[in-house]
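Where a number appears in this text, it was derived from the coordinates with a stated rule and is not lab data. Fair warning: this is a prediction, and the values are worked out from it, not measured in the lab.
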Amino acid sequence: MPDGPRYDDDFFAWTQYQAEVLRTMRTRDNRFDREHVAEEMEDLGRSYRDAVRSQVRRILEHFVKLAYSPAPDPRAGWGGSISDARSELADKMSPTLRRDLEDMFGTLYARARRKVIRDMQDFGEHDAAAAIPTDCPYTLDEVLDDDWYPEPAAKVSK
């Protein structure tokens, strides 16, 4: 793409490309703070990327809780949180961010798993926490599918 990624097609890729363009521009007007504007543009893109990663991590946390926690009451809240996070992702997803998620998926699951284990242990759900798999039992497609939710794992006691 000679003009780089399009703003409407892939916002994250656009921010990174435009930052590079700003840095390589030659200007006679030294009042334009090219380097700082480029840094801010890159930061904006990274913030967008981080928000997408955070939503995927939130979905994974609640997937694990739905599948492994014996707690009955918060289940509807976890489902609602998954739905909200999926809506946020739909607004921000781009091909570049999807590739980033594919690359980071294992790390995002590991972080989600650690948090859920701490949460479950805080509520005395030690056996349930121990049953959570080390390797992610979900796919990115499942995370992004508005209609997919995990089935509860085999009954685990507190």
Along the stretch 127-142, what does the Karplus equation 6.51 cos²θ - 1.76 cosθ + 1.60 (θ = phi - 60°) give for ³J(HN,Hα), rounded to whole Hz, x for Gly and Pro?
-> 5, 5, 4, 5, 7, 5, x, 5, 8, 5, x, 10, 10, 4, 4, 5
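Take each complete run of DSSP H in the chain, measure how far its Cα atoms stretch along the helix's own axis, and keep only those covering 24 Å or more with mean Kyte-Doolittle hydropathy at least -1.0; list them.
Qualifying helices, which must be both long enough and hydrophobic enough, are 34-68, 75-92, 95-122.
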Which three semi-axes in whole Å describe the equivalent ellipsoid of the stretch 11-144, each the square root of 5 times a Cα gyration tensor eigenvalue, listed largest first?
-> 39, 13, 13
